[in-house]
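The values are calculated or read from the model by the stated rules, or taken from the named source; none is laboratory data. Here the structure is a predicted model, which is why all the values come from computation and not from measurement. Quick reminder, even Gly has a Cβ in these numbers, built from the backbone with ideal geometry, and neighbours come from all protein chains shown. For accessibility, only protein heavy atoms count, side chains too; no ligands or nucleic acids. Shrake-Rupley method; radii C 1.70, N 1.55, O 1.52, S 1.80 Å.
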Amino acid sequence: MAAAWQDVVRDSAAVREAAAVAVDAALLAGVLMRTGEQPHASDVVNYAPFTLLPSAVPRALFEQAYAVQQDFNLLVDAISQNKEFLEQTLASTIKVDDFTARLFRIYLQVLEEGLAQTVFLGINRSDYMFDCGLDGTAALRQIEINTIAASFGGLTSRTADVHRLVLKVLGKTEEASHLLPNNPAKGLALGIAKAWELYGSPRAVVMFLVEEVQRNIFDQRCVENELWNRNIRVVRKRFRDVFEQGSLDASRRLYMDGQEVAVVYYREGYVPQVYDQQNWEARLLLERSRAVKCPDIATQLAGTKKVQQELSRPGTLEKLLPGHPEAIARIRATFAGLYSLDEGEEGDRIAATAIADPDRFVLKPQREGGGMSWAGPLGGSIVVWAVFGTGSSSVPAPGPVLRDKLKPQPALNYLLRAHSSLRVSECISELGIFGVYVRQGQDLVLNRAAGHLLRTKAIEHADGGVAAGVAVLDTPYLV
């Protein structure tokens, strides 16, 4: 915690007063989620969980994360166009991970048929932690890059105003003035709007592909409203709606209930549990269409952990981004150690290292969704032994990858959740930078950072995001 907060973090009376103001401010600002008891109803809502105080973030690392985002946009786009790289990198994964394998089969099928899509939209979020070295120096280390359904760009657009008021209530008016403006919702909508424009059909709609259960609907509505303000019509559909109502014409234009769809923005489709046979057929229909998919299936595959691990190998970035040495240097400076568990000499060597010292590593699965990494003295040991086999260094399943376990410096804060008691916790934070790019054919017509997201959780939790009920929304206070 920044030194400025130490005089209030233990002042229980000041904290109680500030927390009451903060909750009302969050409700007033629209930092909202539907409740777990009534996830389909917007007439019973509560505030999304958030920190009482903004968290200290090193200014230099914050600026570094922003500076490299356009490079990561460029990289993701390059990967999505490189069939050979995706094929080679995911060869071992698709043997053991049926979900990735089915995505890959659709990818190949669409390529074989010939892409109807000519405009490509990427909305991603690169997530980082601040790794504290033995000398106390913090370094920016990438956790992952999310290429599908990167969430909370809407609610975080409203969270800074809440923290600004809290600081004023606590007598920190000068500090409140230093909180940065932040509006990812506007930046994400800018990318969607540009893709819609380039699609070239003014009467076509933008379709948000959404979950069956939509507790986080207000986060999505923030982006929707930005599009409506640009007079771009938005519809919300589920996979089952696509299966029942979707169709392609002879030019592979996508229609839903007779309305042409220019852009499909996925807020669903990143975990295996949502796919039954009908939903897989709906996904294939969408991918075959001329509509701009965000992401298209190649870009979703570019976000797998196996791809992230392959990028850390010497020479890989140079092959993907020839002629961009400065971008490569900026990207590589953010990498944490990532290690392959593929069968073979390298996998055996890494397996032996992990078995000997499991607390050095975090085991990362391929899929997204939060709450699926394993780390810590007990969890790490159990999972490493379960994966590698007792007394053996062979690697039977090359699905997950290993990453060096990072050691961010904890700070004190209060995590405000509905119906929870107010207590101070030791916390760590994760910084996400949203990126947006649009490509038409081979021309990159938009490439920018679109805002940031800070999430904070108590140190006892190894993994999990806001939607998973572990982390909470936060605002960076640059130091």
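Given H placed on each backbone N at 1.01 Å, which residues far from V57 in sequence or on other chains put an amide H within less than 5 Å of it?
The answer is Y477, L478, V479.
Figure the gain on full extension for H461 and E426 (residue separation times 0.36 nm, minus the Cα-Cα span) and round it to one decimal in nm. Can you show the working numbers first?
Numbers: separation 35, 0.36 × 35 = 12.60 nm, distance 1.08 nm.
Net length gain for the segment: 11.5 nm.
Based on the Cβ-Cβ distance from E112 to R332, what FRET efficiency comes out when R0 is 41 Å, to the nearest 0.05? Intermediate results must be reported in sequence, preceding the final value.
On the way: r = 34 Å, r/R0 = 0.84.
The calculated FRET efficiency here is 0.75.
If I stretch the segment between E345 and V235 completely, what's the gain in nm (0.36 nm per residue apart, minus their alpha carbon distance), one decimal?
Computed gain between E345 and V235 is 34.5 nm.
Tell me the label-point distance for the pair N82, R360, using the 7 Å Cα-to-Cβ offset, in nm and rounded to one decimal.
Distance between the two pseudo-spin positions: 2.8 nm.
Label point 7 Å out from L27 along Cα-to-Cβ: which residues of region 215-230 have amide N under 20 Å?
Answer for region 215-230: 215-219.
So, taking all protein chains as they sit and a 1.4 Å probe, how much accessible area belongs to Y255, in Å² rounded to tens?
So the heavy atoms of Y255 present about 60 Å² to solvent.
If you average the alpha carbon positions of region 109-171 and of region 222-269, how far apart do those two centres end up, in angstrom?
Spelled out, the Cα-based centre of one part sits 24 Å from the other.
Count charges around K186 for me, please; just the other residues with Cβ under 14 Å from its Cβ, Lys/Arg as +1, Asp/Glu as -1. Walk me through the numbers on the way to the answer.
Working: positive: R158, K194, R221, R230, R448; negative: D219, E224, E226.
Taking every Cβ under 14 Å from that of K186, the sum is +2.
In the structure displayed, which of K194/K457; K95/K457; K186/K237 lie more than 25 Å apart, Cα to Cα? Intermediate values should be presented prior to the final figure.
Details: K194/K457 35 Å; K95/K457 35 Å; K186/K237 22 Å.
Among K194/K457; K95/K457; K186/K237, the Cα-Cα distance tops 25 Å for K194/K457; K95/K457.
Sort all Cα-Cα distances of region 311-361 into consecutive 5 angstrom bins from zero, then give the percent of pairs in each bin up to the one containing the longest distance.
Answer for region 311-361: a P(r) of 4, 18, 21, 18, 13, 14, 9, 3, 0 percent.
Quick check: from the Cα gyration tensor, does region 182-272 come out rounded (a/c under 1.5), prolate or oblate?
oblate
Per DSSP helix of 4 or more residues, -39500 (n - 2.57); summed, then divided by the residues of the chain. What does that give at 222 nm, rounded to the nearest 500?
On the way: 19 runs with 185 residues, N = 479.
Theoretical 222 nm ellipticity from helices: -11000 deg cm²/dmol.
Each label point is 7 Å from the Cα along the Cα-to-Cβ direction; what then is the distance between the points at L412 and Q259, in nm?
If labels sit at L412 and Q259, their model points lie 5.2 nm apart.
When Lys and Arg each count +1 and Asp and Glu each count -1, what net charge do the other residues less than 9 Å away from Q278, Cβ to Cβ, add up to?
-2
Tally Lys/Arg at +1 and Asp/Glu at -1 over every other residue whose Cβ is under 15 Å from the Cβ of V110; what's the total?
Working: positive: K83, R102, R105, R252, R283, R288, R290, K293; negative: E87, E112, E113, E281, E287, D296.
Residues near V110 contribute +2 overall.
First measure r as the distance between the Cβ atoms of V271 and R59, then evaluate 1/(1 + (r/R0)^6) with R0 = 22 Å and state the FRET efficiency to the nearest 0.05.
According to the calculation, E is roughly 0.05.
Between region 176-212 and region 348-362, how many Å separate their Cα centres?
Each part's Cα centre sits 42 Å from the other's.
Quick one: longest stretch of the chain between exposed loop GluC sites (Glu not before Pro), exposed meaning at most 12 other C-beta atoms within 10 Å and loop per DSSP?
The answer is 213-459.
Say the cut-off is 20 Å between C-alpha atoms; which of K83/K305; K83/K306; K172/K407 go over it?
K172/K407
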